[in-house]
1. Relative to the longest principal axis of the chain, what angle (0 to 90°, nearest 10) does the C-alpha long axis of helix 85-95 take?
2. Leaving out ligands, DNA and RNA, what percent of the accessible area of the chain is carbon and sulfur, probe 1.4 Å?
3. With labels modelled as points extended 7 Å from the Cα through the Cβ direction, what inter-label distance (nm, one decimal) is found for LEU52 paired with ASP15?
4. Relative to the longest principal axis of the C-alpha atoms of the chain, give the angle of the C-alpha long axis of helix 40-57, reported between 0 and 90° and rounded to the nearest 10°.
5. Hey, got a sec? Which chymotrypsin sites (Phe, Trp or Tyr not before Pro) in segment 15-98 land in a DSSP loop and have at most 14 other Cβ atoms within 10 Å?
6. Along the charge dipole of the chain, Cβ charges K/R +1 and D/E -1, which of LEU63, PRO7, ALA43 sits furthest on the positive end?
7. Once the other residues with Cβ under 10 Å from the Cβ of ASP69 are scored (Lys, Arg +1; Asp, Glu -1), what is the net sum?
8. Between exposed GluC sites (Glu not before Pro) in the chain, where DSSP calls loop and at most 10 other Cβ atoms lie within 10 Å, what's the longest gap?
Amino acid sequence: MTRARTPLPDAVVADALARAPGWSRGEDGALQRARRFPTPAAAFGFVSGVALLAERHDHHPELRWVFRDVELRLVTHDAGDAVTMRDVELMLAIAELP
């Protein structure tokens, strides 16, 4: 199995989550984050930043954007919807966005 398709141990995921404020692990195991922005334009700016990072990482989150609210979910579908290093790397990059 390639690195991109290898599910990570829970301890590795927990360590990564400790470095990404606001992120958590959902009941289904996915990395997730919900944010509310002061304006729809601010939410749009964040979503645009996520899109650029996703393209650079060649890995795309599930994203839901409604008005000022943005929800993100990261798993690797090719790994049976498990969290892999690709998810962790993208999560940490997104965590750096304002």
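The values are calculated or read from the model by the stated rules, or taken from the named source; none is laboratory data. Not measured: the values here are computed from a predicted model. Here Cβ is always computed from backbone atoms with ideal geometry, including for glycine, and neighbour counts include all displayed protein chains. For accessibility, only protein heavy atoms count, side chains too; no ligands or nucleic acids. Shrake-Rupley method; radii C 1.70, N 1.55, O 1.52, S 1.80 Å.
1. Taking Cα atoms only, the helix is inclined about 20 degrees.
2. On the way: 3160 of 5690 Å².
C and S atoms contribute 56 percent here.
3. Going by the 7 Å Cα→Cβ label model, 3.0 nm.
4. Value to nearest ten degrees: 30.
5. Values: sites: TRP23, PHE44, PHE46, TRP65, PHE67; in loops: TRP23, PHE67.
Here the chymotrypsin sites (Phe, Trp or Tyr not before Pro) that fit, given the DSSP loop and packing criteria, are PHE67.
6. With unit charges placed on the Cβ atoms, the residue in question is ALA43.
7. Working: positive: ARG35, ARG36, ARG64, ARG68; negative: GLU71.
The answer is +3.
8. Details: sites that count: GLU27, GLU96.
Longest stretch, sites excluded: 28-95.
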